[in-house]
Each structure stands twice: as structure tokens, then as C-alpha cells.
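Q: I have a structure here, written as C-alpha cells, and I will follow up with some questions on it.
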Amino acid sequence: MTESNETTRRWLRRAGSARLEFGADYNPDQWPREVWDDDVRAMREAGVTIVSLAIFSWARLEPRDGEYDFAWLDEVMDLLHAGGIAVDLATATASPPPWLTRRHPEVLPVTRTGEILWPGARQHWRPTSPVFREHALRLVSELATRYADHPALVAWHVNNELGCHNVYDYSDDAARAFRVWLRTRYGTVEALNHAWGTAFWSQRYDDFEEILPPRLAASHPNPTQQLDFKRFSSDALKDHLRAERDLLRRITPEVPVTTNFMVMGEMKPMNYADWAAEVDFVSNDHYVLPGPQARDELSFSANLTGNIAGGEPWFLMEHSTSAVNWQPVNVAKKPGELARDSLTHVAHGADAVCFFQWRQSRAGAEKYHSAMLPHAGTDSDLFRGVARLGERLRELAPIAGSRRRRAAVGIVFDWESWWTAEQDSHPTDRLRYKQEALDWYTALLDAGIRADVVPAGGPLEEYRLLIAPVLHVVPAALAARLDAWVAAGGHLVTTYFSGIVDENDHVWLGGYPGALRDLLGIRIEEFGPLLDGESVTLDDGATGTLWTDRIDVTGPDVEVLARYKTGEQADRAAVTRRRVGAGSAAYVSTRLGPDGLAGLLPRLLGPAGVTGELPAELGGRVELAIRGDHWFLINRTDQPVDLRALPGAPEVLEARGVAVFTN
């Protein structure tokens, strides 16, 4: 696998004053030539400044093996440049053409049950296939050489949504690459046997060649094997990103390189905090998922993306103007939601707001997915809303390049805990790592408190209060880091199923919560997961679901903040806090949800000296985000909000509206 490079953050290669970019994926090869001029005219009307081009155009660019057709792309590039529209040019490797898979079916992915994923959709390629890599890099070389000096080119877009459909490949190519990865990680098969605990179920290996991916097995595959395969699979895609990026940098060193992450929903297989250093600027795709916390999840993901980017501006590569096509029921956005969704991303650091796609397709699997230019054309409410957003972004140009102001509260987000806490053969399969983190985020929003969602490897020590929900994987180094931070005056809150295992998914012995037990001053002998429909009541009136713990308080300096009133743990501690010097460490042993956390939060925020930055009457009704000296007030409700209590703000924030002002 290729070596990682140190990355210096760069933005688009373009002249002129700073601005917030605005645009979409553009697929002119889906349309006859006479449509292209209309597209550019309508783009200018809408205020489009940039498009992502040629994402799924491999079959058009290389219609036969080694034969290239760039004439149409030359014309589109020239046309866009003449219209003042910049191009984020894709490497077009996301979906291999039919001739490649016909000649080389060995590039097709294989599922854990041995089924081949055939052509007919997209991303039908193995991340570890040397044959695919050879053909993909050949195309990348041709594109980079041809367009290196084109004035429209401002960035390279590697592949597209890496791993969306092909992250876990169990083929023989993957098996060979997995063994190489394991040799690099462990060095010897003896070290691997120790890490994987292969004494259990007679799984001891004598040679790396005996090892396979965790394919369909008679029972639960080895847990550490599963965890390592998740690590490997994320790394394999990252390696493909590096391979394309390194080639692009050799040919066009002055053009920045990015790829679109998918920080959204339950998209957990790619460790984006680990990938961020591989690109010149972070890009993300986000789509709203239906549910009572849909808007909060958008904010959570935008917030996390901004912190993955290290506080630097990032690029919103895709979201939707209205309905999508891939949910069971695809509902159009309400008035105001197009702008609110977009500006929430800007509030959390996005310096580009782009959509899938520019012109709504008339054929294909995504023809019912909304676009900037809908089937109804420019004479439509949707297009007029798009144009209004373009004007709003032009007005907000002074925000471009500014950094988000750090909050006092950080919510720790850890991909390896996400992967491991939800594996099989656990106390419950109902646990959802991101849902617990999102519940805390919603509760903080409801309380009018700004919080950053921070990768576990990020600058944790800079926060006054850290909330680490289900921090399941705690290596010794992380435990020591948290101990030192609390001792120095930091305030930690963690939850059930935290501190349980080390980096090899080995349980920390001596009682739970393992690596965090001494810091918290508690000891748990057995977990108490709850059955579906079961709940417990706490003596503060909150209701707990999913999980309980039989807590023994072991430290004399531990305060019990809440006890169980009902259930098997009745009268035992449910929420504890231990004072450690000027700091503290608290533990929440059940899922309380946003409503239950509302009553608990003041007792956790108070010792850390965390208070809201908004007048009390606005708390929960609006979200506050701050970039530089610009305050964003985002209406979380469907009703107007009176802002007169906040100096400098407009008097009224319209339903689903966003106000931006300096403070």
C-alpha cells in the first residue's frame, strides 16, 4: 500500500476574492448538446460558481479499452469556463465500464456469503483489485495530463463516495491484501494469535496464509478478526484514494485533491477522522434522514465534519434541494428547509454548498431525486428557491475562510468504538452508538448549549466538559490521557458500555467499566441490558431504556446524582460523579434519551462552569453556531421566534429560518 503524505490544507485553485461556492454535480453526458448552453445560462441565473464534472463518465471517456473520447469533455470544460463556472473534475473511476468487467470479471466484489456483486448499478469494483487499480490509474493519468492547465480546473475529485456500496469485499484479492495488512500490523503470527485471542475455539494460526476475511461462518466469527477487517477495509479504500491522489499530485502539483466523505446517518464503515489528512480539503455528502431528530442529525454531522477538517473550511459536495429517491417514502422539503439545511452546513464550516445534481435526470435510477433544476424547469418554486439561496450565499461571502469558534463542550466520537460496540455476541444487539451520541447533542441543543462533535484523536484537552458516550474501546494511552485531563481540571461524562475493551477488543479485567473504573470510582460486576419494551424509572423522574448497570460505589468521593427507583437495580446508583481535584468524572448507566438528559444536564454542566450563550427564552428553540465574528441562529421549529432579547439580531427569525449577524 502507498505511503501517507503530510498534507498542507489548500482550497480551490482559483483567483479572485473569497466567496462561498455554490453548485452541483453536473452530468452533461446525460443530455444532448443543445441542452448544454441552456444549462450554463440557468446556472448563471441561479448563481452557480462551481460544478463537479464527469463523476460517472468512465464509459463515455473510455468507450473501449485504451481508446479515449475527450472531445465532449473539452467542449463542456470550455463552455463552463466561458460562463465563469469553475470545475471540480472527477477522476471518473467510481463505476467501471461494461467492457472492463466483461474482460476482467475478477474486479467484481464478493460478499461475505460468496455472492458476486454484478454490474448494473455502480461501484462494482474491489478496492484491492490490482487489475482495477491499473485501469483506474491509467484513466486518471490521461485526465490529469489533458486538463492540467485548463483554466476551469480548480480541484480534483477522486472517485466518488468511496465505499458507499463496496467497502466490505471478501474476495481472494481482499484475502491476500488482508494478510499483508495483518503482517504489517502484527509482525508475527504469534502476536496476531495473542491479539485475536485464538486460544478460544481452537482458532490458533500457524501461518498468515491460513487467515481469511470473516466470511460466512457456522457461528460468530472471531471478534478481533471482525474489528481488524473493518480497520483493513477502511484502510484499503484509503489506499485507493492515496493512489489516485499521488498520481494527480505528480502531474498537477498545484491542483488540490479531495474526495467526498459521507458523514451522515449510520454510514460508519469508513474512518473519516483517519482519512482527513489524505486530502487537501475535506468534502462531505449529507442527506437528511427522516425521524424526530432529523434536523439535529444534520447539525451533528456538519459539526463532526468541521472537526474532522480540524476547524478549516470544508466543501459540502452533495445534499438535496428537496426529495431524494432512495428512502421508502421520499417527502419533499418544506418551505425554508432548502436554505436552512444549506446554511446549517455553512454555520459549521462549509465554504461550498453543492447538490446532487444540477439538472434532474429524465432516466436512470435517480430520476426522481430532486435537483437544482427540476423536471418542471426554471419556472418552478424549487428553482426560484435555489436562486434565492445563491443570492444569500453571495451576501455571506465575508464568512468564507473563517474558522468556527470552539465550544466549551465536546462530544467525543470514536469510529472504533462505533464498530466494536455494535458487533455480535454482545450483551444486547439493540445498542446504537451514534444514537446515544446524537441524544446528548439534541439534549444540549434543547438546553441552548453549543457543543463540538470531536474525533477521539482530536484536541480533547481544549474543552471544559467532555461527553464520551459509549466510549467502548479505550486503549491504555487514551485512559491515561483522560486521567491526566480530569486531574488537571477537566470534567468527563461517559456512559454505559464504556471503557470495556482495549484496542484488541480484549476486556479490561477486574470489573467494569474497565479502563475507566478507577477514574470514575465505581465498579460493575454484571451488565443489566433491558428487553424490548422494558424501562426503568430513576428517582429524578427520568426513564431509562436499553441498558442498566449494577453499580457499586468504590470511591468515598463519589456523589450519586440519581438512583434507580424501579427494576432489578432499584436503590442502586444510576448516575454518579467523582470529584478529582478541580475536575470530575461522571457515569450514566442507562439510555435516558434527550428528555431524560434534560433534567440531568444542569448537574453536569454546572461543575464545569458551562452556561448558554443565548438568552434563556431562546434556548432550545434556536441553534447557535459561531464562525469568526458571525453568529448563526438556526430556527429548530416550524414557528417564528422573537429575537428581540438578543442585541444585534433581527427582531424575528422566521419559521425554519436562519439569521446571520456579527456580534
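The values are calculated or read from the model by the stated rules, or taken from the named source; none is laboratory data. Since this is a predicted model, take the numbers as computed values, not measurements. Glycine also receives a Cβ, built like all others from the backbone with ideal geometry; neighbour counts cover every protein chain displayed. SASA here: full protein model, heavy atoms, side chains in, ligands and nucleic acids out. Shrake-Rupley method; radii C 1.70, N 1.55, O 1.52, S 1.80 Å.
Q: Looking at Arg60, Arg33, which one is touching a helix residue (DSSP H, G or I) at 6+ places or on another chain (Cβ under 9 Å) and closer than 21 Å to Gly120 by Cα? Don't jump to the end; show me each part of the working.
A: Details: Arg33 fails: closer than 21 Å to Gly120 by Cα.
The unique qualifying residue is Arg60.
Q: Go through (1) small (Gly, Ala, Ser); (2) modelled with pLDDT of 95 or more; (3) under 30 Å from Ala339 (Cα atoms) one by one and return the number of the condition Ala59 breaks.
A: (3) is the only condition that Ala59 fails.
Q: For the stretch 411-424, check the following and say yes or no: at least one residue is within 27 Å of Leu604 (Cβ to Cβ), touching a Gly at 6+ places or on another chain (Cβ under 8 Å) and crowded, with 17+ Cβ neighbours inside 10 Å.
A: Looking for residues that are within 27 Å of Leu604 (Cβ to Cβ), touching a Gly at 6+ places or on another chain (Cβ under 8 Å) and crowded, with 17+ Cβ neighbours inside 10 Å, one finds none in the stretch 411-424, hence no.
Q: Go through the stretch 517-541 and give me each residue that's in contact with a strand residue (DSSP E or B) (Cβ under 6 Å, 6 or more places away or on another chain), under 23 Å from Pro594 (Cα atoms) and open to solvent by 80 Å² or more (accessible area, probe 1.4 Å).
A: Result: Asp539, single match.
Q: All but one of (1) buried (at least 21 other Cβ atoms within 10 Å of the Cβ); (2) not in a loop (DSSP other than H, G, I, E, B) hold for Ala277, so report the exception by its number.
A: All conditions pass for Ala277, except number (1).
Q: Okay, moving on. How many residues are in a loop (DSSP other than H, G, I, E, B) and open to solvent by 50 Å² or more (accessible area, probe 1.4 Å) if we restrict to the stretch 120-159?
A: Within the stretch 120-159, the first condition is being in a loop (DSSP other than H, G, I, E, B), and the residues that meet it are 120-129, 148-152, 158-159.
Cutting the leftovers down to open to solvent by 50 Å² or more (accessible area, probe 1.4 Å) gives us 120-122, 149, 151.
Going through the stretch 120-159 one residue at a time, the tally reaches 5.
Q: Can we say Ala365 is in contact (Cβ under 8 Å) with a residue 60 or more places away in the chain, within 29 Å of Thr662 (Cα to Cα), touching a Lys or Arg at 6+ places or on another chain (Cβ under 9 Å) and surrounded by fewer than 17 Cβ atoms within 10 Å (Cβ to Cβ)?
A: no
Q: In the stretch 348-362, what count of residues is obtained for those that are among the hydrophobic types (A, V, I, L, M, F, W, C) and open to solvent by 10 Å² or more (accessible area, probe 1.4 Å)?
A: 1
Q: If you go through the stretch 467-489, how many residues are surrounded by fewer than 24 Cβ atoms within 10 Å (Cβ to Cβ) and touching a residue at least 12 places away in the same chain (Cβ under 8 Å)?
A: From the stretch 467-489, those surrounded by fewer than 24 Cβ atoms within 10 Å (Cβ to Cβ) are 475-481, 483-489; that's our starting set.
Keeping just the survivors that are touching a residue at least 12 places away in the same chain (Cβ under 8 Å) gives 475-476, 478-479, 481, 483, 485-489.
Qualifying residue count for the region: 11.
Q: Here's a check for you: in the stretch 298-318, which residue that is of a type in the set (A, V, I, L, M, F, W, C) and part of a helix (DSSP H, G or I) is farthest from Ala273 (Cα to Cα)?
A: Step one: of the stretch 298-318, the residues of a type in the set (A, V, I, L, M, F, W, C) are 298, 300, 302, 304, 308-309, 314-317.
So of that shortlist, the ones also part of a helix (DSSP H, G or I) come out as 298, 300, 302, 304, 308.
Numbers: Leu298: 18, Phe300: 15, Ala302: 14, Leu304: 9, Ile308: 5 Å.
This residue is Leu298.
Q: OK, next. Go through the residues of the stretch 391-400 one by one and say whether even a single one is modelled with pLDDT of 95 or more and within 22 Å of Asn27 (Cβ to Cβ). Write out each step before concluding.
A: Keep residues of the stretch 391-400 that are modelled with pLDDT of 95 or more, which gives 391-400.
Still in the list and also within 22 Å of Asn27 (Cβ to Cβ): none.
The answer is no; no qualifying residue exists.
Q: Here's a follow-up. Is there any pair linking a residue in the stretch 242-257 that is open to solvent by 30 Å² or more (accessible area, probe 1.4 Å) to one that is part of a helix (DSSP H, G or I) and aliphatic (A, V, I, L, M), with Cβ under 8 Å and at least six apart or on different chains, and which?
A: From residues that are open to solvent by 30 Å² or more (accessible area, probe 1.4 Å), the pairs are Ile251/Ala144.
Q: Taking the criterion of being under 19 Å from Thr344 (Cβ atoms) and touching a residue at least 60 places away in the same chain (Cβ under 8 Å), would at least one residue in the stretch 594-603 satisfy it?
A: Here is the first cut: in the stretch 594-603, the residues under 19 Å from Thr344 (Cβ atoms) are 594.
Checking the rest, the ones that are also touching a residue at least 60 places away in the same chain (Cβ under 8 Å) come to 594.
Yes, that holds for at least one residue.
Q: Please find, among Glu75, Glu106, Glu34, the residue that is assigned to a helix (DSSP H, G or I), open to solvent by 20 Å² or more (accessible area, probe 1.4 Å), of a type in the set (D, E, K, R) and within 30 Å of Ala218 (Cβ to Cβ). Can you show your working first?
A: Numbers: Glu75 fails: within 30 Å of Ala218 (Cβ to Cβ); Glu34 fails: within 30 Å of Ala218 (Cβ to Cβ).
Testing whether each residue is assigned to a helix (DSSP H, G or I), open to solvent by 20 Å² or more (accessible area, probe 1.4 Å), of a type in the set (D, E, K, R) and within 30 Å of Ala218 (Cβ to Cβ) leaves just Glu106.
Q: Same structure again: From the list Ala94, Ala15, Ala42, Ala59, pick out the single residue that is farther than 25 Å from Arg133 by Cα, small (Gly, Ala, Ser) and either open to solvent by less than 20 Å² (accessible area, probe 1.4 Å) or outside any loop (DSSP other than H, G, I, E, B) (or both). Spell out the reasoning first.
A: Details: Ala94 fails: farther than 25 Å from Arg133 by Cα; Ala15 fails: either open to solvent by less than 20 Å² (accessible area, probe 1.4 Å) or outside any loop (DSSP other than H, G, I, E, B) (or both); Ala59 fails: farther than 25 Å from Arg133 by Cα.
Ala42 is the lone residue from the list that is farther than 25 Å from Arg133 by Cα, small (Gly, Ala, Ser) and either open to solvent by less than 20 Å² (accessible area, probe 1.4 Å) or outside any loop (DSSP other than H, G, I, E, B) (or both).
Q: Contact list please: Cβ distance under 7 Å, first residue in the stretch 443-458 and at pLDDT 95 or above, second residue open to solvent by 20 Å² or more (accessible area, probe 1.4 Å) and acidic (Asp, Glu), pairs at least six apart or on different chains.
A: Arg450/Glu613; Ala456/Asp414
Q: A follow-up question, please. Please determine whether any residue of the stretch 343-360 is farther than 25 Å from Asn303 by Cα, free of Cβ contacts under 8 Å to residues at least 12 places away in the same chain, in a loop (DSSP other than H, G, I, E, B) and hydrophobic (A, V, I, L, M, F, W, C).
A: The initial filter retains those residues of the stretch 343-360 that are farther than 25 Å from Asn303 by Cα, namely 358-360.
Checking the rest, the ones that are also free of Cβ contacts under 8 Å to residues at least 12 places away in the same chain come to none.
No, the stretch 343-360 contains no residue that is farther than 25 Å from Asn303 by Cα, free of Cβ contacts under 8 Å to residues at least 12 places away in the same chain, in a loop (DSSP other than H, G, I, E, B) and hydrophobic (A, V, I, L, M, F, W, C).
Q: Right, something else. Take Gly544 and decide whether it is open to solvent by less than 30 Å² (accessible area, probe 1.4 Å), in a loop (DSSP other than H, G, I, E, B), within 20 Å of Ala437 (Cβ to Cβ) and in contact with a Phe, Trp or Tyr (Cβ under 9 Å, 6 or more places away or on another chain).
A: no
Q: Among Ala177, Ala191, which is in a helix (DSSP H, G or I), modelled with pLDDT of 95 or more and within 25 Å of Ala94 (Cβ to Cβ)?
A: It is Ala177.
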